[in-house]
Amino acid sequence: MLDIKRIRKEPEKIEMLLNRREKISLDRLLELDEKRRNLISTSESIKAQQNAESKQIPILKKEGRDTGAILAEMKKLSAQMKEYNDEIAQLDTDLSQILLGIPNIPNEDIPIGKDEQDNVERRKVGEVRKFDFEPLAHWDIAVNSGLLDFERAAKISGARFSMFTGNGAKLERALINFMLELHTRSHGYTEISPPFMVNRQSMVGTGQLPKFEEDAFHITNNDYFMIPTAEVPLTNIYRDEILDLDQIPAYLTAYTPCFRAEAGSAGRDTRGLIRNHQFDKVELVKLVHPDMSYNELESLTKNAEEVLKLLEIPYRVVELCTGDIGFSSAKTYDIEVWMPSYDRYVEISSCSNFEDFQARRANIRFRDSDEQVKFVHTLNGSALAVGRTFAALLENYQNKNGSVTIPEVLKPYMGDLETI
RNA sequence: GGAGAGUUGGCUGAGUGGUCGAAGGCGCACGAUUGGAAAUCGUGUUUGCGUGAUGAGCGCAACUAGGGUUCAAAUCCCUAACUCUCCGCCA
């Protein structure tokens, strides 16, 4: 959520910056805002009068004087107040609906562009493997070796579900444990195991709602949402709190399944683990001092990259342009892993600095050294999407005989298996 | 699922219709005292909105949330959420 005071002060500049990502007019917002402020001024002066006069009532009563006249007048004021309050409440609703639908202002330094074609590659790590045989896609490798069963997953659930079996399930668990151990032991994150269903307010807090409700799985009989990412519960841990200076920076990590309706992706990535309704992910979340958030984005991205470095899978980091960046983000790096079946790099992580956009929605603040209460900056990144890591591992580590070599760092988590 | 009790400021805890943003205590900050510290004493200690210059001041709001009664609600009524206790059920 943007700061209404800032919009009021420099609407043209903000509109210009927002237009780098999508066409947005702030006219209606400003009009309602002005109307609201006028009404508040009027109603508050009535209220002040009401307060002053109502103090007289008990005094008059004590003196045994007649209060009929003043009560009648007060009744009139009261009715008037009610009308004003109803109107203000309606304006508040309208205003917050507009405000919640406006995306974040992209950082002024990020590349300007209209879609993913305009993203900028920042670095490329690892050598893409040259196969001396025809490499298979991960869904073929996995099904041939009994690591995944898509057909039965479709039977028990439906399209876009997968089921890990035997050593496949073990490898998935190994990846989760490997990632969590790395981030908790080497990168200083605190592990959290949060709820997988959250309430509506949490989804608004991180920006999934109200605009993207069709992307989420909604439990309708009690208004819960299946989390689309651990970002939602982790960031909302401190919703409506004022943190002490020694509580930030907070580094949190969690493994959770993620649930996405994938509305609008019909026909895309229909095979394999790339785009499912349910997938596992290890997430990193940071709540930091505003002065530090861009440094923290660099280190968070490095933390995520470390997973692929240790697994020795080639990847690249791209900086998203204004047209491709997510709704809530000010700056985002995507990490893309080399996927032989796609013959290109495929997104496996997205690391973003939201600045104070989520903190305003979720009302997460801290008391700075100057005693001022300020909004924190929030960041998060996948580290990594486990299903896609599983897929990339299979494809990059496959052997001619159909087996898959287990990377060195994963062996302790795989009972020292060499291949599966 | 059934029955009951509760939710007040950073914490604790008073307050059952009017002068209550809210006593007292703890904690915290600053000052006095001290060679220094403890103890003691004093002062201060929420957040949001509106109006000001992102200052001072002024005004308004907030006692879990939302609605109602009333001239007036922390206080009365209704609904919801959460917490606790007992019973039932369950992993």
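The values are calculated or read from the model by the stated rules, or taken from the named source; none is laboratory data. These numbers come from a predicted model, not from an experiment. Reconstructed Cβ throughout: ideal geometry from the backbone, glycine too, with neighbour counts over all protein chains shown. What goes into the accessible areas is simple: the full protein's heavy atoms, side chains included, and nothing from ligands, DNA or RNA. Shrake-Rupley method; radii C 1.70, N 1.55, O 1.52, S 1.80 Å.
Miscellaneous remarks
- Carbon/sulfur fraction of accessible area - the range A:4-139, other protein chains in place, 1.4 Å, %: 48 percent
- Highest average packing first - A:216-224, A:278-286, Cβ atoms within 10 Å: A:278-286, A:216-224
- The convex hull drawn around the Cα atoms of the range A:153-227, when projected onto a plane and averaged over every direction, covers 7.3 nm².
- Placing A:366, A:133 in order of accessible area, with the largest value first and a 1.4 Å probe, yields A:133, A:366.
- The range A:315-420, accessible surface, carbon-and-sulfur percent (1.4 angstrom probe): 40 percent
- Two-site FRET efficiency, residue A:184 against residue A:54, from Cβ-Cβ distance with R₀ of 56 Å, rounded to 0.05: 0.45
- Using the Stokes-Einstein relation with a Kirkwood hydrodynamic radius computed over Cα pairs, the translational diffusion coefficient of the range A:107-218 at 37 °C and a viscosity of 0.692 mPa s comes to 171 µm²/s.
- Pairwise Cα distances in the range A:81-122 exceed 13 Å in 70 percent of cases.
- Spread over its residues, the convex hull of the C-alpha atoms of the range A:1-74 is 103 Å³ per residue.
- Pair residue A:118, residue A:37: separation of 7 Å Cα→Cβ label points (nm): 3.3 nm
- Ranked by the mean number of other Cβ atoms within 10 Å per residue, highest first, peptides A:63-71, A:403-411 order as A:403-411, A:63-71.
- Distance between the pseudo-spin-label points of residue A:10 and residue A:151 (7 Å out from Cα toward the beta carbon): 6.2 nm.
- Each of A:164, A:217, A:382 was placed along the dipole of chain A (beta-carbon charges, centred on the mean Cα), and the one lying farthest toward the positive end is A:217.
- Based on alpha carbons, the Rg and Dmax found for the range A:303-420 are 18.9, 65 Å.
- Accessible surface, per residue, of the range A:231-344 when the full set of protein chains is kept, probe 1.4 Å, Å²: 35 Å²
- Inter-label distance for residue A:237 and residue A:217, nm, one decimal - labels placed 7 Å from Cα along Cα-to-Cβ: 2.4 nm
- A compact globular protein would have a Cα radius of gyration near 2.2 N^0.38 Å; the ratio found for the range A:256-346 is 1.23.
- Size estimate for the range A:190-248 follows the Kirkwood approach: the inverse of mean 1/r over distinct Cα pairs works out to 12.3 Å.
- Ellipticity estimate at 222 nm from DSSP helix runs (n ≥ 4, -39,500 (n - 2.57)) divided over chain A, nearest 500: -12000 deg cm²/dmol
- Computed log₁₀ I(q)/I(0) - Debye formula, equal Cα scatterers, no solvent, chain A, q 0.12, 0.14 Å⁻¹: -1.02, -1.30
- Surface composition of the range A:175-273: carbon plus sulfur atoms contribute 48% of the solvent-accessible area (1.4 Å probe, protein chains only, all chains present).
- For the pair residue A:374 and residue A:302, a Förster radius of 22 Å applied to the C-beta separation gives a FRET efficiency near 0.25, rounded to the nearest 0.05.
- A quarter of the convex hull surface defined by the alpha-carbon atoms of the range A:45-96 gives 3.9 nm² as the mean projection.
- Per residue Cα convex hull volume in Å³ - calculated over the range A:280-332: 115 Å³
- Against the criterion of solvent-accessible heavy-atom surface with a 1.4 angstrom probe, A:185, A:122, A:275 sort, most first, into A:185, A:122, A:275.
- Kirkwood hydrodynamic radius of the range A:43-162, from the reciprocal of the average inverse Cα-Cα distance over all distinct pairs: 23.5 Å.
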